[in-house]
Amino acid sequence: SKDFLIITYTPHGDLLSDDSLDGIKVLRNDLSQMERVESVITILDVPLLESPKISFSELKGELKNRTLETAGVDRSLAIKEFTRSPLYSKLLVSPDAKTTALLVYFHRDEKYFSLLEKRNDLRAKRKNEGLTDAEQQKLNRTIRDFKEYLAQVLDYQNEDIENVRRIMDRQRGRAEMFLGGVPMITSDMIYNIENDISVFGAGVLVFMVIILYLFFREKRWVLLPVVCCFVSVLVMVGYLGLTDWRVTVISSNFISILLIVTMSLVIHLIVRYGELYTKNPEADQRTLVRETVRHMTLPCFYTAITTIVAFSSLVVSEIRPVIDFGWIMTIGISFAFIFSFVMFPALLVLMKPKRSVSSNDATKSLTSAISLFTLNHRNKILIVSLMVALFCAVGVSNLQVENRFIDYFKTDTEIYRGMSVIDKQLGGTTPLEIIIDADQDFMEAVKKIGSGEDIEDPFGEDPFNENDETEEDNYWFHGDTLDLVEKIHDYLEKLPEIGKVLSIATTVKVIKILNDGKMPDDYDLALIRKMLPKDMKDTFVHPYLSGDANQVRITMRIEETDPNLNRGDLIKKINKHLTNEFEIGEERVNFTGMAVLYNNMLQSLFRSQILTLGMVVLAILAMLIVLFRQIYLSFLAIIPNVLSAGIVLAIMGWLHISLDMMTITIAAITIGIAVDYTIHYIYRFKEEFAQNRDYRAGVNRCHGTIGRAIYYTSITVTLGFSILTLSNFIPTIYFGLFTGLAMVVALVNNLTLLPALILFCKPLGPEFQK
């Protein structure tokens with residue numbers, strides 16, 4: 001219930017040298033002066049039980065307070081204790097005695113937990129029983145108060161992290177140090193989110209300006225898109241601020257994607273305006289703008305809607321940050337469409353008519369060449385596409401969800417380096433806990449004894465229970481059951497994926513050391529439990545036994561750097577061993593901890609991928625049927641886009657790049673954005689085909705007109721997504737890289753495979769017979 005930080009300290013000299021211990025002491029004292037720090041635990045503070053070894057009778061005396069700061073302590077014995085002790089080794093000191101850890105505990109924030117519990121209780125009641133109007137208002141107030149206070153918590157948490165780092169900086173001349181712990185990761189992630197928002201937004205905008213100028217060579221065709229993008233983003237950011245909608249690391253790239261979508265809409269308007277101007281150079285500006293809007297409203301509306309469908313499909317993912325990302329982009333794209341068709345014509349109508357694209361530019365030459373290639377190699381394109389589909393099927397079947405949290409960060413970040421040191425030297429990073437209940441037969445016997453039935457106590461009479469009700473009829477604090485826990489403990493320690501293991505068996509091992517390697521009998525165990533001082537109970541007993549000692553808790557940390565780590569398989573293997581080898585009923589074994597939560601999230605990714613992809617394909621197919629009013633043509637239209645998403649997923653599968661919270665969105669977003677190209681192409685093709693009912697001529701004209709707009713928007717979108725590779729968050733880098741690649745594939749498919757399918761299937765009916 002208390003937040004804490006871990007500072008890894010690797011001195012340049014010996015760990016227990018005067019200089020090293022002075023550095024640790026200064027760090028401890030400076031950290032203890034911080035307002036919100038409750039305590040700092042270091043190797044200077046923990047009791048030394050084997051330097052030299054003490055007996056049970058001495059535990060209550062002064063020797064229980066013997067530490068490294070006690071005069072005359074034998075440091076050679078102390079270093080052996082730190083590296084060999086079942087409690088301290090790989091927890092406070094690394095096995096090679098080169099690295100130690102400082103644990104910085106913060107005061108428990110009672111207001112935070114009070115608001116949290118109040119909110120959760122009301123939410124639970126709303127789900128199970130329903131709320132009255134007054135209770136609903138109370139819940140709304142509590143949610144608002146909690147979010148407001150959470151913002152304050154994050155502010156002072158960031159301040160604490162900065163202060164800790166300043167204190168560490170003053171001692172870096174003595175040792176190499178890294179900071180770890182959940183508060184530090186949270187603080188750095190928030191910094192990364194803020195940094196990504198500003199970098200992505202500014203980077204995409206700069207790229208857009210350069211690309212627009214290279215495409216159109218005119219200031220107005222740079223200025224108008226930038227104004228539309230700026231207004232869309234400004235309104236969206238204002239909306240999020242007004243509604244207090246918090247941005248996560250998943251949704252932090254919404255600004256860059258919103259800029260990309262808005263820009264692509266405006267580019268289509270610019271290209272269409274230029275085509276109309278070329279055909280009617282004498283027309284007045286109002287007429288040109290009106291005709292541009294009239295021709296482009298419907299196809300752009302459908303492209304915006306299909307992109308919205310792609311993002312809204314993320315709401316079925318069952319992963320909260322992904323759901324938020326879907327809703328934010330759904331609202332943002334709605335703003336983008338509205339402002340593109342309001343701002344662009346409103347500003348353009350105030351200007352004089354001017355050409356936007358040249359009739360003989362290099363882009364038209366390129367798209368015309370692609371058209372000629374498609375017309376001459378239609379069958380080859382279809383065969384190659386079929387082979388690519390088989391490649392995709394095999395690659396997608398290789399997709400994995402298992403990945404390491406440490407790999408989410410670049411290797412030069414403090415998060416990565418700190419986690420790596422903790423993982424390799426100090427017993428692992430990700431907590432996994434096992435709670436084992438008492439045997440049901442024992443609990444039934446206890447109930448019968450409590451009811452007054454004449455039945456023998458399964459463990460015999462406890463000679464000390466008359467003075468301590470909490471020690472009546474406990475299951476786990478007996479020789480046989482403690483021996484079982486120790487065997488489980490030893491089994492877990494031998495697993496290559498597991499680092500440090502702590503349990504009541506740790507206490508047993510310490511007891512054995514102090515008892516000449518012997519296990520005390522039940523009478524002595526009861527005596528030991530009575531005589532242990534409170535502070536030692538808090539360290540050796542209470543974390544691992546419930547108050548009635550009928551539940552035992554085994555905590556361990558998983559080594560994230562293990563290349564063969566598979567959390568799901570590990571948990572299944574441990575569970576199987578406990579139930580089969582140790583004959584513990586499966587209903588008695590409960591797994592919990594961050595590793596379980598993270599594993600459950602990873603395992604839900606496959607389901608989320610299938611749900612989001614299936615929903616977006618079905619929804620877009622339905623919309624294409626409504627738009628084109630032809631089922632056959634709509635099925636042909638969806639093929640190039642599904643193949644584009646499939647290629648990206650297949651590449652991830654072949655390269656063994658696992659799905660994560662970011663990359664599961666790639667397929668749905670790819671189809672949603674890529675289908676825009678398809679809609680524009682088919683919408684224009686139907687117009688061109690209606691002129692003379694000639695499929696080959698229609699393809700050729702489409703490549704020379706709408707093909708250029710598709711090319712411009714595709715390049716813009718691809719380079720826009722490439723900006724995301726500047727993030728420090730690896731999933732965001734993969735998201736930008738693979739989504740950009742998908743856009744390139746979609747461009748190629750829509751300019752080759754789509755017309756090839758149209759030529760082969762002739763979905764608009766027979767050609768005009770000359």
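Tabulated data for the structure shown
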{"read-out": "Residue in region 538-546 that is under 30 Å from A667 (Cβ atoms) and out of contact with any Asp or Glu (no Cβ under 6 Å at 6 or more places or on another chain) present", "value": "no"}
{"read-out": "Number of positions in region 27-67 that are aliphatic (A, V, I, L, M), modelled with pLDDT under 90 and not in a helix (DSSP H, G or I)", "value": "5"}
{"read-out": "Qualifying residue in region 209-224 (condition: within 30 Å of V322 (Cα to Cα) and of a type outside the set (A, V, I, L, M, F, W, C))", "value": "no"}
{"read-out": "When residues of region 699-720 are limited to those that are more than 17 Å from P225 (Cβ to Cβ) and in contact (Cβ under 8 Å) with a residue 24 or more places away in the chain, the one farthest from the chain's Cα centre (by Cα)", "value": "N700"}
{"read-out": "Odd one out for L565, checked against (1) within 22 Å of the chain's Cα centre (by Cα); (2) hydrophobic (A, V, I, L, M, F, W, C); (3) farther than 30 Å from A667 by Cβ", "value": "(3)"}
{"read-out": "Answer from N750, N728 - the residue that is in contact (Cβ under 8 Å) with a residue 24 or more places away in the chain and either touching a Lys or Arg at 6+ places or on another chain (Cβ under 7 Å) or open to solvent by 10 Å² or more (accessible area, probe 1.4 Å) (or both)", "value": "N728"}
{"read-out": "Elements of type helices (runs of 4 or more DSSP H) contained in region 365-470, each with 3 or more residues being open to solvent by 30 Å² or more (accessible area, probe 1.4 Å) and at pLDDT below 90", "value": "414-425, 440-450"}
{"read-out": "Search result, residues across region 509-543 that are open to solvent by less than 60 Å² (accessible area, probe 1.4 Å) and either within 39 Å of the chain's Cα centre (by Cα) or within 24 Å of L570 (Cβ to Cβ) (or both)", "value": "K509, M536, K537, F540, V541, P543"}
{"read-out": "In region 659-698, the residues that are polar (S, T, N, Q), farther than 13 Å from L754 by Cα and touching a residue at least 60 places away in the same chain (Cβ under 8 Å)", "value": "T663, T665, T670, N692"}
{"read-out": "Residue tally, condition basic (K, R) and open to solvent by less than 30 Å² (accessible area, probe 1.4 Å), over region 555-613", "value": "2"}
{"read-out": "Per-region count, region 331-358, residues surrounded by 15 or more Cβ atoms within 10 Å (Cβ to Cβ) and assigned to a helix (DSSP H, G or I)", "value": "15"}
{"read-out": "Residues (of a type in the set (V, I, T) and closer than 16 Å to L386 by Cα) located in region 725-757", "value": "V745, V748, T752"}
{"read-out": "Residue selected from region 83-132 under the condition crowded, with 18+ Cβ neighbours inside 10 Å and of a type in the set (F, W, Y), by the criterion farthest from D14 (Cα to Cα)", "value": "F106"}
{"read-out": "Which listed residue is on the phi < 0 side of the Ramachandran plot, in contact with a helix residue (DSSP H, G or I) (Cβ under 9 Å, 6 or more places away or on another chain) and either free of Cβ contacts under 8 Å to residues at least 24 places away in the same chain or not in a helix (DSSP H, G or I) (or both), from R294, R246, R272", "value": "R246"}
{"read-out": "Which numbered condition F689 fails, given (1) in contact with a Gly (Cβ under 8 Å, 6 or more places away or on another chain); (2) closer than 25 Å to L386 by Cβ; (3) not charged (D, E, K, R)", "value": "(2)"}
{"read-out": "Cross-chain or 6+ apart pairs with Cβ under 6 Å, region 537-549 first and touching a residue at least 40 places away in the same chain (Cβ under 8 Å), then of a type in the set (S, T, N, Q) and surrounded by fewer than 18 Cβ atoms within 10 Å (Cβ to Cβ)", "value": "G547/T470"}
{"read-out": "Count - residues of region 71-82 that are in a loop (DSSP other than H, G, I, E, B) and either modelled with pLDDT of 90 or more or exposed (fewer than 15 other Cβ atoms within 10 Å of the Cβ) (or both)", "value": "3"}
{"read-out": "Pick from region 88-134, criterion assigned to a helix (DSSP H, G or I) and touching a Lys or Arg at 6+ places or on another chain (Cβ under 9 Å), ranking: farthest from L31 (Cα to Cα)", "value": "L122"}
{"read-out": "Residue list for region 250-297, filter: of a type in the set (S, T, N, Q) and either farther than 21 Å from L234 by Cα or surrounded by fewer than 21 Cβ atoms within 10 Å (Cβ to Cβ) (or both)", "value": "T278, N280, Q285, T287, T292, T297"}
{"read-out": "Restricting region 155-211 to residues that are acidic (D, E) and within 17 Å of I422 (Cβ to Cβ), the residue that is most open to solvent (accessible area, probe 1.4 Å)", "value": "E176"}
{"read-out": "Hits in region 298-330 - residues which are open to solvent by less than 50 Å² (accessible area, probe 1.4 Å) and more than 22 Å from the chain's Cα centre (by Cα)", "value": "P299, C300, Y302, T303, A304, I305, T306, T307, I308, V309"}
{"read-out": "Residue in region 626-643 that is open to solvent by 10 Å² or more (accessible area, probe 1.4 Å), assigned to a helix (DSSP H, G or I) and under 15 Å from Q609 (Cβ atoms) present", "value": "yes"}
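Residue by residue, here is whether (1) of a type in the set (V, I, T); (2) buried (at least 22 other Cβ atoms within 10 Å of the Cβ); (3) within 30 Å of G203 (Cα to Cα) holds:
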{"site": "E687", "(1), (2), (3)": "no, no, no"}
{"site": "N692", "(1), (2), (3)": "no, no, no"}
{"site": "L719", "(1), (2), (3)": "no, no, yes"}
{"site": "T739", "(1), (2), (3)": "yes, yes, yes"}
{"site": "L754", "(1), (2), (3)": "no, yes, no"}
{"site": "I758", "(1), (2), (3)": "yes, yes, no"}
{"site": "E767", "(1), (2), (3)": "no, no, no"}
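Condition check ((1) within 16 Å of I267 (Cα to Cα); (2) among the small types (G, A, S); (3) under 44 Å from the mean Cα position of the chain (by Cα)) across all residues:
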| position | (1), (2), (3) |
| --- | --- |
| L347 | yes, no, yes |
| L366 | no, no, yes |
| L372 | no, no, no |
| N376 | no, no, no |
| K380 | no, no, yes |
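For every residue, the table says whether it meets (1) under 19 Å from F337 (Cα atoms); (2) of a type in the set (S, T, Y); (3) in contact with a helix residue (DSSP H, G or I) (Cβ under 8 Å, 6 or more places away or on another chain).
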{"site": "I193", "(1), (2), (3)": "no, no, yes"}
{"site": "S198", "(1), (2), (3)": "no, yes, no"}
{"site": "A202", "(1), (2), (3)": "no, no, no"}
{"site": "I210", "(1), (2), (3)": "no, no, no"}
{"site": "W221", "(1), (2), (3)": "yes, no, yes"}
{"site": "C228", "(1), (2), (3)": "yes, no, yes"}
{"site": "V231", "(1), (2), (3)": "yes, no, yes"}
{"site": "M236", "(1), (2), (3)": "yes, no, yes"}
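The values are calculated or read from the model by the stated rules, or taken from the named source; none is laboratory data. What you see is a predicted model; the values in this text were computed from it and never measured. Cβ: placed from backbone, ideal geometry, glycine included. Neighbour counts: every protein chain shown. Ligands, DNA and RNA are stripped out before the accessible areas are found, and what is left, the full protein with its side chains, is counted by its heavy atoms. Shrake-Rupley method; radii C 1.70, N 1.55, O 1.52, S 1.80 Å.
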